[in-house]
1. For the range 90-164 and the range 196-272, what is the separation of their C-alpha centers, rounded to whole Å?
2. Express in nm, to one decimal, how much length is gained between residue 54 and residue 246 on full extension, taking 0.36 nm for each residue of separation and deducting their alpha carbon distance.
3. So how many Å³ per residue does the convex hull of the Cα atoms of the chain work out to?
4. Regarding the range 1-94, what is the average projected area of its C-alpha convex hull, in nm²?
5. Set the Förster distance to 45 Å, then compute FRET efficiency between residue 133 and residue 72 from the Cβ-Cβ distance, nearest 0.05.
6. Which of 154, 55 comes first, and how do the rest follow, when ranked by fewest Cβ neighbours within 10 Å?
7. Would you mind classifying the range 169-237 by shape? Square roots of the alpha carbon gyration tensor eigenvalues, ordered a ≥ b ≥ c; an a/c under 1.5 is rounded, otherwise it is prolate if a/b is larger than b/c and oblate if not.
8. Please rank 224, 1, fewest neighbouring Cβ atoms within 10 Å first, as an exposure proxy.
């Protein structure tokens, strides 16, 4: 949605989608707004609890069945396993997506990794198509006045125009841009030390996998240290996503900086920031 300043101020039930790389402040803003009558829709939480729940459990059960004691308990239905995904802790989703590399060092084989990536993409698309329904639920069932959609950092990778058009139709798109090298380095270090689930476009993954193998004198993905590959590829992923986010924000939404977001302390600050973004485009 696009607005004049007066139209935005008169918008009774505000609905905002936050775009940007993991770590720029989307979940910080969303959690803060929850205390001010905003419904927080977490795309990754929806993915984990609805669209990948069974796949995550299958992997956990597969590992548990290798332990004789647990194998007997599971086969006799004496225990059950469930996910405990939280908005602030997406560990089960991260474990499912995994890291590409040597299985002996905790990595996922290439073909399995590709399959999980495809399922993760499908799940993220499905979670975004659920947004209009959750906007209605937020108001009619839960009584929230406003709605914030906290999307995963890989939204720009999906190559699914229908998702962008849907979100632009139902929400104001706000892209949080990292504008200086110091912030870039901090975000990259943070993502490398505390990774979130990552989706790679197949062409991007193929190109950078081959580059990594060549640089390290390796022949196969199964020879890679999973942690080292993940740390190596993330800066390349980060910079490849910037023009993709800008291509979404320019025609469909508004842009603010991570520095501006860092100064937001409450709902009033957030609304002021949105007004600033709208004024910049007038």
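Every read-out reported here was derived from the displayed coordinates using simple, explicitly stated rules and does not represent laboratory data. Bear in mind the structure is a predicted one, so any value in this text is a computation, not a measurement. Here Cβ is always computed from backbone atoms with ideal geometry, including for glycine, and neighbour counts include all displayed protein chains.
1. 15
2. Details: separation 192, 0.36 × 192 = 69.12 nm, distance 3.46 nm.
Gain on stretching residue 54 to residue 246: 65.7 nm.
3. On the way: hull volume 39.2 nm³, N = 282.
Here the figure is 139 Å³ per residue.
4. Details: hull surface 34.9 nm².
For the range 1-94, the mean projected area of the Cα convex hull comes to 8.7 nm².
5. Working: r = 42 Å, r/R0 = 0.93.
After rounding, the FRET efficiency stands at 0.60.
6. Details: 154 24, 55 17.
Fewest-to-most Cβ neighbours within 10 Å comes out as 55, 154.
7. On the way: a/c = 2.52, a/b = 1.73, b/c = 1.46.
Because a/c hits 1.5 or more and a/b exceeds b/c, the range 169-237 counts as prolate.
8. Numbers: 224 23, 1 19.
Ordered by Cβ neighbours within 10 Å, fewest first: 1, 224.
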